[in-house]
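What follows is a short report on a single structure.
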Amino acid sequence: MSLNKIHKIIRIILILIPIMVLGYLVDKELVISGKLIVKKDFGHGSPFILDLLPWQRVAEIKKDDQGNYSQKILDQPVYFDLNLPQRFDKGTAEITYKNDSIDCPTLFQIGGQATPNDWEYAMKPLENQNLDQLDWPRVEENDVVLYEREKKFNTIDEFLNNLPDISKIAVYNYKLDYDFKIPDYKPTKGLEIDNTIRGRHTIYTYIDGGEPLDFTFTVEDINRHVGADPAEIAVYKKDQRIYNTTLPDDGITDESGESSEERKIRLLPSNLTQGTYKIEIKASDDIFIRNIKTKEHLLAFAGRLYLADNDEYKDSLSDIRTKPTTVYAKGYKIITSAAHQTSEQTIRINNLTEPNDYEIELAEAHQQYSYYNLNPRNIVSLYSPKNDILIEGDGLFSFSKESFFNPLLTTFRDESELEVLGINYVIADYQTPKTIDGWKVATADFDLGRLYWRENTLRFALSIPDIECQDKKIKGIKFVLEKEPLTWGKLWEKIKEKL
Ligand SMILES: [Ca+2]
């Protein structure tokens, strides 16, 4: 080879290197293929998947005899950030972990933060041993599994097209499209709730074809906390938002504790068809709903009910009532807590005549006290002498037996409950984790467009509700991220943006 030729080759190489480096950097930034895989093992840091937080809830990272690094979770939930060069449309999370010394069936979930509120996560199952242990005949298609007490359907479609009575179906991580109808429903003159409730609530109601959906909320803002307190009320049919209205802040944004005049907000969407409607009230704890008047007579609060008729608020609300309240509740777990020291009290479940009737002493404010309903088919009464308590749970609450109704599907929890509830079918979007070299590998898919992005960062939570009775170590976190691949035209636009 002549010297000239060698010079030429060197020159070409010298030109190619910066082009390749530039290409690599551009691809890293723009992800031209549309696909990016990021991983964290616990032996090394990752620029994409940050450490588990808060540090108090995780042990030190340890290396085992096989050279695997892992981190034990001491308390839950723990969080981590996924820090990406840009936004993606879809993501599959893959968690590699071990369950050691388990004394309870494990439930392990991952959630993506879904709104700016740091408590709102879209949760997906990683492992549910209660479901893994269900030994009914099953039909599996793609990621969906249908369990049948007695074999009847051969495909998922056959089941969906011939849907049995929804009271016989339990769902798990599955959105079942169904219409809840009350066959003998008759409109009445409506109802009025003259109890004060505080902050955000979700209400279910029911109308027939000719009946209007008509609600009037009387609202007061007690201005205990700094900031504006708008109240947004939205109406949903199935998951579709069909109406919303906002009551702006009362104009007082300091924490004077001075309440403004009562204001009314009316909800009257038109042209609605028969069925169940969900009313979501988004408001801070400064917002007190003093009264609800409606043309409907079925009205159930879901998940949360904050009773507020207590002297605690008499400086702000001179006409606050302090009469005891009875709430009717259905659900497996009912959690109560006193909001202040002055409202520490003893709650009564039912009349104390049956073995499952109960008294719950709310001995300490803010502490949660749980009641487990052994027969979740039954409605229990919950008597609060002083109010100013937060009632939470997986079920529904109402202020009278007559207004109670349950339009919701049963969520699968464990097999023992299925018999009591008369459930014959369980449908789930779920896959049992694989076991590889003694470690479990579980995946969950996310529609990243539905999660809350801060710049190019997403936050995830790992939830293990029964952490006390198990020992869980995480060895790896991986994400497969996807978006539309970049075409040459789009690529040029992106490059121009960067220039
Ligand atoms: Ca205000």
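General observations
- Residue satisfying all of: in segment 310-336; surrounded by fewer than 18 Cβ atoms within 10 Å (Cβ to Cβ) and in contact with a strand residue (DSSP E or B) (Cβ under 7 Å, 6 or more places away or on another chain); modelled with the lowest pLDDT among these: Lys333
- Test result for Leu298, outside the structural domain of Asn117 (by TED's automatic domain parsing), aliphatic (A, V, I, L, M) and more than 16 Å from the ligand (Cβ to nearest atom): yes
Results for (1) assigned to a loop (DSSP other than H, G, I, E, B); (2) in contact with a Cys (Cβ under 9 Å, 6 or more places away or on another chain), shown as yes or no for each residue.
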residue	(1), (2)
Asp51	yes, no
Gln56	no, no
Asp65	yes, no
Phe80	no, no
Asn99	no, no
Cys104	yes, yes
Gln109	no, no
Asn117	yes, no
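- Residues being part of a helix (DSSP H, G or I) and in contact with an Asp or Glu (Cβ under 8 Å, 6 or more places away or on another chain) - total across segment 335-359: 2
- Only a single item in (1) out of contact with any His (no Cβ under 9 Å at 6 or more places or on another chain); (2) touching a residue at least 12 places away in the same chain (Cβ under 8 Å) is not met by Arg304, and it is number (1).
- Flag if Glu255 is loosely packed, with under 14 Cβ neighbours inside 10 Å and not in a strand (DSSP E or B): yes
- Of all residues in segment 161-217 being in contact with an Asp or Glu (Cβ under 7 Å, 6 or more places away or on another chain) and among the β-branched types (Val, Ile, Thr), the one that is surrounded by the fewest Cβ atoms within 10 Å (Cβ to Cβ): Thr202
- When residues of segment 228-248 are limited to those that are of a type in the set (S, T, N, Q) and surrounded by fewer than 14 Cβ atoms within 10 Å (Cβ to Cβ), the one farthest from Gly275 (Cα to Cα): Thr246
- Boolean, Tyr371 is of a type in the set (Ser, Thr, Tyr), touching a Lys or Arg at 6+ places or on another chain (Cβ under 6 Å) and under 24 Å from Leu305 (Cα atoms): no
- Filtered by the rule that a residue be within 16 Å of the ligand (Cβ to nearest atom) and at positive phi, segment 249-285 gives Gly251, Gly257.
The values are calculated or read from the model by the stated rules, or taken from the named source; none is laboratory data. The structure displayed is predicted, hence computed values, not measured ones. Positions of Cβ are backbone-derived with ideal geometry, glycine not excepted, and every protein chain shown enters the neighbour counts.
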